[in-house]
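Input: a single structure, listed below in structure tokens.
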Amino acid sequence: MVEKYSLEILNRPDLFYQLINNMTDLVFLTKVHRDKSLSYVILNKPAKDLYGLTNESFGKPIQEVLSSNAYRIVKSKYEEAMEKKKPIKYEDMVTISHLPPNSNKEVIYWESTITPVFNQDGECTHLLAIVRNLTEQREKENEIKRIKDGFELVWNSVADAMFTFDKDQNIVSVNKAFEKILGWTAEEFAKDKSIRFIPEEEKENLSKIIERVKNGETVKTHEVKRITKNGEIIYFLGSFSPLYDQNGDWDGGVVTYKDITERKKYEDMLKELALHDPLTGLPNRTYFSQCLKIEMEKAKQSKLLLSVFVLDIDHFKEINDTYGHDIGDEVLKEFAKRVKKAIRKNDFLAGIGGDEFVILIPELTEKANVIEIAERIQQYLHDDWIIANEKINITSSIGISFYNQFELDEKTLFKNADLALYEAKEIGRNNYQFYNDQETG
């Protein structure tokens with residue numbers, strides 16, 4: 001309740017007018033008549049300009065000078081202040097038909113404070129309304145909200161997985177694509193700091209990336225792999241960008257992951273095709289050559305024997321001519337399976353074209369090991385062959401060379417085995433021969 005001495009300003013109209021007209025807030029002094037009707041006594045210039053009121057508006061019931069909607073709101077709030085016998089504050093959004101000078105805003109946001117003024121008998125005689133224009137503030141807030149909503153719309157609409165992390169490398173937020181692809185929500189990361197989706201072998205590389213981001217660098221298109229909630233490995237192209245606080249200090253980062261798993265599978269498939277025979281699935285000549293170079297270097301260091309077999313199917317052209325190429329393809333596949341079973345686990349079988357195959361036999365302690373393998377291959381091939389209901393007799397000739405003179409190169413070692421194969425065919429096929437050795441099996 002306003003004290004008696006606060007009414008003294010009403011007896012100094014010159015001082016009162018000077019005060020209120022210098023205010024940017026709108027000031028309304030309203031008289032409360034005995035019949036509870038309301039009329040304006042004083043309005044400052046901003047208030048007059050806003051509603052297009054003049055001095056002729058004073059003394060008239062306010063419902064005659066305000067729009068029906070404005071009057072309804074004002075009357076309701078004035079009655080609330082009188083009933084509560086204390087100042088009330090409320091916010092309102094109003095569409096203005098009479099705009100103040102230099103204003104192009106049709107919608108204005110107000111914060112109004114209504115203070116009831118009482119006489120000595122406790123009767124409310126006046127209501128003082130101070131109305132503050134919050135339009136600029138609210139528009140800024142709405143713009144911030146609009147930008148935030150727009151960002152969230154984009155954030156959650158992009159197909160790429162995105163997340164932000166703080167300077168302690170804790171995940172702060174994730175988008176919908178992240179949840180869909182990797183399976184975790186931001187709430188799960190907030191509750192459980194132990195969640196890890198970075199494979200162990202990737203952690204060192206990630207630490208280097210984070211250091212670059214801390215130094216203000218944006219790391220683009222860096223290939224990474226991550227673990228989903230259900231344990232699947234996903235390959236991404238990751239982009240890492242720094243985030244800063246209001247003081248310009250590094251405060252974490254934002255990461256975008258583009259899923260390239262299908263592309264990686266396709267690349268792996270191409271590599272597989274480039275290094276394997278499409279019919280038998282065996283490694284091809286290129287793959288064999290790569291492995292042979294590695295094993296030759298190992299043999300040179302360990303001083304253990306290394307052997308190369310070159311073998312083919314005897315009279316394979318006749319099989320193709322007699323039974324057709326489809327049967328011939330099945331023979332090749334079955335031949336590869338039988339030879340694979342006959343060799344040791346660490347031996348390397350490859351198809352190098354047509355019906356010709358090659359075997360890399362590493363880590364041999366004696367020549368007898370090679371003889372055992374060659375004879376086992378011959379035995380596996382002698383078992384009955386039934387291909388597409390056709391009984392076919394299959395034999396193979398084998399040429400064998402050794403890498404025990406460490407100055408030999410890969411091509412010479414392979415050539416030696418090929419010469420031994422030629423020798424095996426010359427003496428009647430279905431046997432094995434060693435390079436520069438007349439011993440037969």
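The values are calculated or read from the model by the stated rules, or taken from the named source; none is laboratory data. Every value quoted in this text rests on a predicted model; they were computed, and no experiment measured them. Positions of Cβ are generated from backbone atoms using ideal geometry, with glycine treated the same way; all protein chains shown enter the neighbour counts. Quick note on the areas: whole protein, heavy atoms, side chains included, nothing else; ligands and nucleic acids left out. Shrake-Rupley method; radii C 1.70, N 1.55, O 1.52, S 1.80 Å.
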Of the criteria (1) in contact (Cβ under 8 Å) with a residue 24 or more places away in the chain; (2) in a helix (DSSP H, G or I), which one ILE352 fails: (2)
Scope segment 277-315; condition part of a strand (DSSP E or B) and open to solvent by less than 30 Å² (accessible area, probe 1.4 Å); matching residues: PRO283, LEU306, SER307, VAL308, PHE309, VAL310, LEU311, ASP312, ILE313
Positions within segment 379-394 being outside any loop (DSSP other than H, G, I, E, B) and surrounded by fewer than 19 Cβ atoms within 10 Å (Cβ to Cβ), in sequence order: GLN379, TYR380, HIS382, ILE386, ILE387, GLU390, LYS391
Of residues in segment 89-102 being surrounded by fewer than 14 Cβ atoms within 10 Å (Cβ to Cβ) and modelled with pLDDT under 85, the one nearest to the chain's Cα centre (by Cα): MET93
Residue that is least open to solvent (accessible area, probe 1.4 Å), among those in segment 400-438 that are in a loop (DSSP other than H, G, I, E, B) and closer than 12 Å to SER307 by Cα: TYR403
